[in-house]
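**Student:** I'd like to ask some things about the structure below.
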Amino acid sequence: MENLLGEFLRARRQATTVEQAGLLRGAGGRRTPGLRRDEVAMLAGVSVDYYTRLEQGRERSPSDAVLDALAGVFGLDYEATGHLHELARSARGGFRRTHVADHACPSVLRLVNNWEHALAFVVSRRLDILVQNAETAAFLEGLSHSDNLLRLTFLNPASREFFLDWEQEARFKVAHMRAAVGADLDDPSVLALVEELSLASEDFRRIWKSHDIQVKAHEKGRYRHRRVGDLTLWHATFAIDGVPGQRLFVAHAEPGTPSDDALARLSAGRRAYRDS
């Protein structure tokens, strides 16, 4: 049985600096990246043995108070703290898989198709694009693997030119899927995607091991489109009620900017795309 809770705690411990935890860095170097187990235990108010058993998967029933204390030590935000609690429920057998829809409902389909002068698309928790408006299709035109945002980012070499802040985009997408999947990493479709990307991309393996959790996209993204040039787009994301894991992504340009003009030129080809 996988030790998802322990893996998450270990990754967060190694990513948390002494300064972030409010501790003094002693003289000399540190052999351990991030915090030591004894430092985490002290800050969380538990014994070193107890925390060690948590990381090793030998303790599977931490209280909510302990989990909240650990979240405070690691500086976790609301989404990451919720993820920590979900992993703990899974470890003690309290997790139940929720039915996952692999298609967008008709009302969401109509909403996206009628969205104009902005990119609008719905993704599954694996970041498969389930439905997209014509502007999004024009935006991604010519890019291989554009049916899945993770495959697009890690398997298409052109993505490093398309995403001007590639590392930021890559980290967000991996962190978003981790947040959306939660403790349900034994889903065969998720396992297959993670295995595919792990075998093909060293960067994916590196970022996946960090166990970052992020739901909200970065406020803006910078892109280099082969037809209309550079664009800066502002992002918003929305959960779709009643469909766990699915989210609506919208991106638009600041009015009156060159990016707005570039997006308008993409929008002008919308009818051509629909008629094709």
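The values are calculated or read from the model by the stated rules, or taken from the named source; none is laboratory data. Bear in mind that the values here come from a model prediction, so they are computed numbers and not experimental data. A quick note on method: Cβ atoms are made from the backbone with ideal geometry, for glycine too, and the neighbour counts reach across all protein chains shown.
**Student:** Taking the condition of being among the hydrophobic types (A, V, I, L, M, F, W, C), without any contact (Cβ under 8 Å) to a residue 24 or more places away in the chain and closer than 29 Å to L87 by Cα, how many residues in segment 138-165 meet it?
**Tutor:** 1
**Student:** Can you tell me which of E161, E169 is crowded, with 19+ Cβ neighbours inside 10 Å and in the same structural domain as G221 (by TED's automatic domain parsing)? Walk me through how you get there before you give the answer.
**Tutor:** Working: E161 fails: crowded, with 19+ Cβ neighbours inside 10 Å.
That would be E169, the only listed residue that is crowded, with 19+ Cβ neighbours inside 10 Å and in the same structural domain as G221 (by TED's automatic domain parsing).
**Student:** Can we say V228 is surrounded by 15 or more Cβ atoms within 10 Å (Cβ to Cβ) and under 26 Å from P106 (Cα atoms)?
**Tutor:** No.
**Student:** Being at pLDDT below 95, charged (D, E, K, R) and either within 18 Å of E169 (Cβ to Cβ) or within 19 Å of the chain's Cα centre (by Cα) (or both): is that true of E196 here?
**Tutor:** Considered against the rule, which asks whether it is at pLDDT below 95, charged (D, E, K, R) and either within 18 Å of E169 (Cβ to Cβ) or within 19 Å of the chain's Cα centre (by Cα) (or both), E196 comes out as no.
**Student:** Given the conditions (1) more than 30 Å from R13 (Cβ to Cβ); (2) of a type outside the set (A, V, I, L, M, F, W, C); (3) surrounded by fewer than 19 Cβ atoms within 10 Å (Cβ to Cβ), which single one is not true for S63?
**Tutor:** Here S63 meets the rest and fails (1).
**Student:** Here is a check on your reading of the model: is L70 surrounded by 16 or more Cβ atoms within 10 Å (Cβ to Cβ), at pLDDT 90 or above, farther than 30 Å from S47 by Cβ and more than 19 Å from the chain's Cα centre (by Cα)? Before the answer, list the steps.
**Tutor:** Working: surrounded by 16 or more Cβ atoms within 10 Å (Cβ to Cβ): yes; at pLDDT 90 or above: yes; farther than 30 Å from S47 by Cβ: no; more than 19 Å from the chain's Cα centre (by Cα): yes.
No: the conditions fail for L70.
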